[in-house]
1. Can you give me the Cα centroid spacing of the range 59-90 and the range 614-653 in angstrom?
2. Once both labels are modelled 7 Å past Cα along the beta-carbon direction, what's the Tyr149-Arg384 spacing in nm?
3. Would you list which aspartates and glutamates come within 18 Å of Lys376, measuring only between C-alpha atoms, while excluding same-chain residues fewer than 8 positions from it?
4. Just to check I understand the Karplus step: with θ = phi - 60° and J = 6.51 cos²θ - 1.76 cosθ + 1.60, what whole-Hz values come out for the range 16-23, glycine and proline as x?
5. Go from 0 up to the bin containing the longest alpha carbon distance in the chain, width 10 Å each, and give me the % of pairs per bin.
6. Given only helices, namely DSSP H runs of n ≥ 4 each adding -39500 (n - 2.57), what is the per-residue ellipticity at 222 nm of the chain, to the nearest 500 deg cm²/dmol?
7. In nm, what is the difference between 0.36 nm times the number of residues separating Ser113 and Phe141 and their Cα-Cα distance?
8. Evaluate E = 1/(1 + (r/R0)^6) for Asp127 and Phe317, where r is the Cβ-Cβ distance and R0 equals 41 Å; express this FRET efficiency to the nearest 0.05.
Amino acid sequence: MQPQISLQGVVTPLPRGGYLVDSPEGYIQFGAPPETIKDTMALPKSVPLVFILPRALFDWRKGINLADLEFPIYYNFFIRKKKTHIICTKSQAGRLVRALQEALFGPIGLSLSGDVFGAGKETYLPDLASELRHFRGTIRFRDVLSLGYLKDGKYSLGSVRIALDAAGDFKLKFSGKQAAKVPGILECRPMYQIGQRLPEPFRPPLFGVTCLGPSHGFDPTANTSGFIIWLNHTGIMIDPPINSTEWLEASNVNPKLIDSIILTHCHADHDAGTLQKILEEGKVTVYSTKTVMKSFLQKYSSLTGEPVSYLLNLFDFRPVYIGKPVYMHGAKFRFYYTLHSIPAIGFTLDFQDQSFAYSSDHQGDPSVQRQLLESKVIDEERFRQLQSFPWDRKVIYHESGIPPLHTPITWLNSLPRSIQKKTVVYHIAAKDFPRATALTLASFGIENTLFFKTRAPSYESSYEVLEVLKRLDFLESLPVNKVQEFVSIVAESRFGKGTQILRKGDPGEHFYIIRSGNVSIQNEELVERKILGAYEYFGEVALLSEVPRTADVVAETEVRVYLIQKDQFLSFIYGTRFEKTLRRLVANRSSETWNLMASSPFLQKLTTYQKTWLESILTPRDLKGPGVLVKEGASEQFFIIRCGEVVVNRGERRLASLRDGDFIGSLSRIGRQEMSPYTITYPDKLSLFAVSREDVRDFIEGNPGTAMKLALPYELKV
């Protein structure tokens, strides 16, 4: 996974993002996107001891922390016995320290009272504060890092002088001579192994596990650990690694097959990809304890600069309670706190005739646990709890790593052979895994997904139909009688790869919803093919407009669809929000709208489903110039330019000129009911698509992460 890095003179762009400067004072790294330590560990001078924070600490477009310093700090302190020096502004320092507090030492004022249901008198809660103090020992912030502040945009480090220029870039001088220039805005590049790409789109099992990564954050040869548990043909991500969505797409797995996340704790190798997944299409559900979620929100509120209340609106939080079962996709989960340096949860699950245990990060060595009992770090009840790991489960996923925070592989390899044979080990580098063992090393790659033989539930087919219904945002609030009607009118059909499903000019007879596979909408007026995947639909135009089919639809892969006959479909949608949406979509949809979004450098990044939604809420407007479109201090509005030019000003300063395909306005500001900080004018005639504020808010509600991705200030667009 890691290419051989050769230093390119003074400044070297790192493969995963950020820049490395080889200075007279040693390596200086500008920015720290996730896992850049894997880029630098093998360099002659090892991991940098000096880091300079970029202008923005978080990249909303990619959902990435640009100040991910946990692992460099760990490495420099525990391996090299040295302190990490961080150069930043004073305001950045406060935000960074608050974020690192959660990851390095755990929450301040830790209380688990919110993690029990009701009064909680029958539920035992461990003294995690005592355990965290033990693992932290006498280490304090001042032992692991030091801070240097940019004053008037300048900083001196020995013979190195660093200064911010007017554009926000960094200029460096060595011994008074100009030596280098480093961009102030970072570019992050995803790096991951994908294993073998599947020839056909992945079809999830009834019950199975996919390994997103088998190793730990210090292993440059493999992806960091993370998993997908498949239940009832739907995925639940466990601590998704960074760039998991790109990994899934490259492996031919539709990311929309995953609708939820279990967040076990807030170390960077476990939470780095969580917010990234949250920012995708739709709204995911995140399961965790209130304690872990509070820590996650505090950490990323500090890094993003957004309030906790706003971050909570980006996803659906489902708290899990210690000692009480939680049900997900037909399986019963039970959660407990593991033995770790910050609050971390493991779990068991029962599904049909199968059972499963997931250790999460955990010190599972009984001898270490007894030492903690004898030194009064834990009490007798906690000791009994830790000694009672659920080895009776049919499938066990257990971590291993370097003590004292992780379970040594030597101890796992001493377990009875019957237990070893059903135990999959993760969070360990392949080079450290024993050859003589009955244990199984987690196998990375979608092609290595484990399908566990499971008795099918009686409701399996109905559950799949309702899963499709749930994913159509415009139908999510249907009354029960309409849900019953939907189940009674859908029929399943399958098409082989290359089959022409619909032919242009034929009459419309059915509405189609894709359950699995991909189809292409083929129309000579489109600048690029339109590819639809799972949970997307087609065939509505001919049914609602009473005109023949307007395009060919061809199966790009093996395709499984649910179809509804025309009269049944029209009866089903009558009077619903979905009917209103579809009729607007039929009126608005044209090759022009699709081509406009396909050619826009920003809107082209939307998913097909989001583009279809946007098409349904566009209203064309034509204006004679010159004129003022939006005044600074007036209500924010959202437009897409069809043809023409607009000029963006702030005060007397001209910031940007926008043209065809560019969008005007911030979804995020509209959602927050904020005013526009810009004046936008048009010098000549202008053709636009406008979106009402109400429709924008509905779009944001269904796609909250997209609002942040399309909320870049105009300063960053030029």
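1. Distance between centres, Cα-based: 41 Å.
2. In this crude label model, Tyr149 to Arg384 measures out at 5.4 nm.
3. Filter leaves Asp127, Glu131, Asp365.
4. So the Karplus estimates, Gly and Pro as x, are 8, x, x, 9, 10, 10, 8, 10 Hz.
5. In whole percents, the pair-distance histogram is 3, 13, 22, 24, 20, 12, 5, 1, 0.
6. So the calculated ellipticity at 222 nm is -6500 deg cm²/dmol.
7. On the way: separation 28, 0.36 × 28 = 10.08 nm, distance 2.73 nm.
This chain segment gains 7.3 nm when fully extended.
8. So, using R0 = 41 Å, E works out to roughly 0.95.
All of the numbers you see were taken from the coordinates with simple rules; none came from a lab. As the structure is a prediction and not an experimental result, all values here were calculated from the model. Positions of Cβ are generated from backbone atoms using ideal geometry, with glycine treated the same way; all protein chains shown enter the neighbour counts.
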